[in-house]
Amino acid sequence: MAAAPAAPVPSLPPWAEPAADRRGVLLRVHVQPGARSSAPAGRHGDALKLRIAAPANDNRANEALIEFLRGALKLPRAAVRITSGARSRHKRIEIDACDEALALRLRAWDTEPPSA
């Protein structure tokens, strides 16, 4: 019995790419902890900039980042994890989902940074 063909990968913003198994998405993010509120803030180089309200101590910003992504993207907590950069502002996030609804939410966050 042949394996089912892989579903087509939806169109993702430049800072997101399909995971190797094509069942998930990898995000490149730049996190700004200690912000007034948690929200996407456009691009930072080749990454999505996310402002996170929690401070960057005792892993609170990482936990808040996971909770922000989980809530904003309507995903279960186990579906979002930091794969690299846990102690850095530059992080790789793996999301165990890859459908058009997720891609649409991610594309809505893809805005160019304001010009100076």
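The values are calculated or read from the model by the stated rules, or taken from the named source; none is laboratory data. Everything numeric here is computed off the predicted structure, so don't read it as measured data. Here Cβ is always computed from backbone atoms with ideal geometry, including for glycine, and neighbour counts include all displayed protein chains.
For the condition in contact (Cβ under 8 Å) with a residue 12 or more places away in the chain and either in contact with a helix residue (DSSP H, G or I) (Cβ under 9 Å, 6 or more places away or on another chain) or at positive phi (or both), what is the one hit in R70, R81, R51?
It is R81.
When you scan region 11-34, do you find a residue that is surrounded by fewer than 17 Cβ atoms within 10 Å (Cβ to Cβ), basic (K, R) and modelled with pLDDT of 95 or more, even just one?
no
Let's see how each residue does on (1) farther than 23 Å from T111 by Cα; (2) β-branched (V, I, T):
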{"site": "P18", "(1), (2)": "no, no"}
{"site": "V29", "(1), (2)": "no, yes"}
{"site": "Q32", "(1), (2)": "no, no"}
{"site": "P55", "(1), (2)": "yes, no"}
{"site": "A72", "(1), (2)": "no, no"}
{"site": "R77", "(1), (2)": "yes, no"}
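When residues of region 68-92 are filtered for being part of a helix (DSSP H, G or I) and under 19 Å from A54 (Cα atoms), how many remain?
Count: 6.
For A78, indicate whether it is of a type in the set (A, V, I, L, M) and exposed (fewer than 13 other Cβ atoms within 10 Å of the Cβ).
Here the answer is yes, as A78 does meet what is asked.
Looking at G45, is it within 19 Å of P13 (Cβ to Cβ) and either surrounded by fewer than 19 Cβ atoms within 10 Å (Cβ to Cβ) or out of contact with any helix residue (DSSP H, G or I) (no Cβ under 7 Å at 6 or more places or on another chain) (or both)?
yes
How many of the residues making up region 79-99 are among the hydrophobic types (A, V, I, L, M, F, W, C) and out of contact with any Lys or Arg (no Cβ under 9 Å at 6 or more places or on another chain)?
Qualifying residue count for the region: 1.
Return the residues of region 9-32 that are assigned to a loop (DSSP other than H, G, I, E, B) and under 14 Å from A103 (Cα atoms); say none if nothing qualifies.
Passing the criteria: V9, P10, S11, L12, P13, P14, W15, A19, R22, R23, G24.
Considering region 39-67 alone, what residues qualify as being over 10 Å from the mean Cα position of the chain (by Cα) and part of a helix (DSSP H, G or I)?
Selection gives R60, A61, N62, E63, A64, E67.
Of the residues that sit in region 95-109 and are touching a helix residue (DSSP H, G or I) at 6+ places or on another chain (Cβ under 9 Å) and closer than 15 Å to W15 by Cβ, which one is surrounded by the fewest Cβ atoms within 10 Å (Cβ to Cβ)?
My answer is R105.
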